[in-house]
Amino acid sequence: MQNDLKIYNTLHRRKEVFEPINTPHVGMYVCGPTVYGDAHLGHSRPAITFDIVFRYLQELGYKVRYVRNITDVGHLENDADSGEDKIAKKARLEQVEPMEIVQYYSDRYHYDMDLLNIKKPSIEPRASGHIIEQIEMVKKILDSGYAYERNGSVYFNVGAYAEKFPYGELSGRKYEELIENTRELAGQEEKLNSADFALWKKAAPEHIMRWTSPWSEGFPGWHMECSAMSKKYLGNRFDIHGGGMDLMFPHHESEIAQSKAANKGEEPVKYWMHNNMITINGQKMGKSLGNFITLQELFSGNNKILEKAYSPMNIRFFILQAHYRSPLDFSNEALQAAEKGLDKLMAAAELLTKLKPQEKSGFDVDHWIAKCYEAMNDDFNTPILIAHLFEAVRVVNSVNARLETISAHDLEKLQAKFKLFVFDILGLETESENNEQSALLDGVMNTIIELRQQAKHRKDWPTADLIRNELTKLNISLKDTKEGTEWFVDK
């Protein structure tokens with residue numbers, strides 16, 4: 001195991017502290033998606049970022065327990081303590097059960113992650129499956145004196161906490177400024193002050209998702225799930241907590257506060273890691289701005305913003321070209337440039353397997369290998385690693401053109417480490433054959449869906465049902481929407 005790996009700790013970012021991991025066992029918790037819609041481009045960055053962390057830690061010999069949650073309850077509109085549950089709202093609009101929404105979009109999320117070659121986490125818990133743990137943690141926070149109950153809801157007392165602990169240390173905010181700048185929202189009258197956040201909410205009569213608790217029939221606050229589930233699977237204090245920068249406040253800040261309140265002031269996390277955001281042509285991505293792109297739209301090209309379809313590996317390589325803490329701006333030009341670079345990298349990988357060695361080397365392979373590890377040990381610096389890989393691409397092309405030489409021993413090492421960094425650590429895949437098969441399957445499915453639509457138009461329901469049922473046997477699901485029929489492969 002290499003012991004010189006250092007990560008940038010968001011909690012100490014002002015001091016520019018890079019901290020080493022000094023334990024053979026690593027517990028890592030990453031906030032996963034709220035499954036009420038298709039995964040979009042923004043979802044791909046934390047997935048790929050922490051997939052790289054997972055892969056590289058394993059390569060170094062660490063035993064990693066990687067926990068990535070699914071949020072399926074308690075995440076209200078606008079990330080507030082009032083309003084409708086995002087999943088329940090989707091269920092009401094589509095007139096289905098909330099857990100149908102959860103299952104459908106979880107399956108689609110996993111399908112997209114498989115296409116991006118994201119390794120499955122060690123554990124993928126759902127918030128709704130850990131209500132008991134969340135209730136027990138709320139009890140502990142109440143007992144510690146950092147929470148209060150009002151009319152069946154329980155709120156975290158940020159003011160009482162801030163008297164003893166530095167609330168806002170992760171995001172760099174101060175409690176006094178929060179009190180001054182936080183606006184009062186409708187339905188917040190129960191709180192002692194506007195900065196307090198819900199640990200448990202009493203369900204309104206129309207609220208679909210509810211559980212019995214000592215305080216009311218209701219549901220946990222959004223922040224509670226991660227504190228309760230990380231504690232269950234990783235203990236009171238674990239190594240790495242990751243997620244997007246947009247989660248730093250209020251979500252992760254609330255996690256720190258409630259975990260410390262429940263565990264006698266113990267810091268829950270050693271290293272906080274946050275990936276930066278993806279913008280589109282300089283703008284934040286959002287449905288209201290009309291620049292929202294799902295992963296399936298990227299893969300199919302079916303979005304007015306896109307000039308063409310982009311493969312999953314094209315997306316993965318594009319994201320890896322920037323350091324995870326740096327902002328990343330999407331554009332068709334940037335993706336097409338990444339596509340060309342990926343093609344060169346894959347061509348060199350293929351050519352490397354066919355090179356013939358000579359007696360001596362004109363390339364210092366050991367120094368190159370050391371630089372590759374040095375890049376990854378420096379806070380998982382994938383763009384620097386990629387630069388070193390293209391240095392090897394130049395050597396491969398030069399050796400093939402007989403402008404440079406490499407010995408058999410060095411060629412063997414170069415082949416092994418090039419494969420390791422390109423395919424095992426960066427997680428890239430060759431796509432030519434997969435793309436042909438994917439295009440063929442898309443064409444076949446479009447034809448089948450059209451035949452089913454024609455049968456429904458003729459009111460030939462037995463034929464329409466037969467098509468759906470036969471596809472189900474092949475683990476292919478159909479979903480009829482206002483825009484048409486969507487299909488996906490069940491995993």
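Between K340 and S82, the simple spin-label model (points 7 angstrom out along Cα→Cβ) gives 5.4 nm.
Counting only DSSP H runs of at least 4 residues, each contributing -39500 (n - 2.57), and dividing by the residue count of the chain, the helix-based mean residue ellipticity at 222 nm comes to -13500 deg cm²/dmol. Distance between the pseudo-spin-label points of D366 and D246 (7 Å out from Cα toward the beta carbon): 4.9 nm. Applying a threshold of 26 Å to the alpha-carbon distances of K304/K473; K232/K260; K232/K284 flags K304/K473; K232/K284 as lying beyond it. P(r) tail, segment 217-345: Cα-Cα pairs separated by more than 24 Å, 47% of all pairs.
Plainly put, segment 133-245 has a radius of gyration that is 0.97 times its Kirkwood radius, both from alpha-carbon atoms, as the Rg/Rh ratio. Between L466 and K140, the modelled labels are 5.9 nm apart [label points 7 Å from Cα along Cα→Cβ]. In plain terms, the chain from I132 to D424 could stretch by 101.3 nm, reckoned as 0.36 nm per residue minus the Cα-Cα distance. Rounded, prolate or oblate: which fits segment 43-170, taking a ≥ b ≥ c as square roots of the Cα gyration tensor eigenvalues, rounded meaning a/c under 1.5, else prolate when a/b beats b/c? Oblate is the answer for segment 43-170, as a/c is 1.5 or above yet b/c matches or exceeds a/b.
Using a cut-off of 32 Å between Cα atoms, the listed pairs K90/K264; K119/K264; K344/K413 include K90/K264; K119/K264 as exceeding that distance.
Inverting the pair-averaged 1/r between distinct Cα atoms of the chain gives 24.9 Å as its Kirkwood hydrodynamic radius.
Remark on segment 279-425: hydrodynamic radius 17.0 angstrom, per the Kirkwood mean of 1/r across alpha carbon pairs. Volume of the convex hull of segment 38-77 (Cα atoms only), normalised per residue: 84 Å³.
On the basis of the beta-carbon distance and an R0 of 60 Å, T405 and E206 show a calculated FRET efficiency of 0.20. Taking only the C-alpha atoms of segment 6-275, Rg followed by Dmax gives 18.2, 53 Å.
Straight-line cross-link reach from K360 at under 16 Å between alpha-carbon atoms covers these aspartates and glutamates, not counting any fewer than eight positions away in the same chain: E404, D410, E412. Calculated FRET efficiency, E163 to V489, Cβ-Cβ distance, R0 = 60 Å: about 0.65 to the nearest 0.05.
FYI, it's all coordinate maths here, none of it is from the lab. Keep in mind that this is a model prediction, so the values were computed, not measured. Methodologically, a virtual Cβ is constructed for each residue, glycine included, from the backbone with ideal geometry; neighbour enumeration extends over all protein chains shown.
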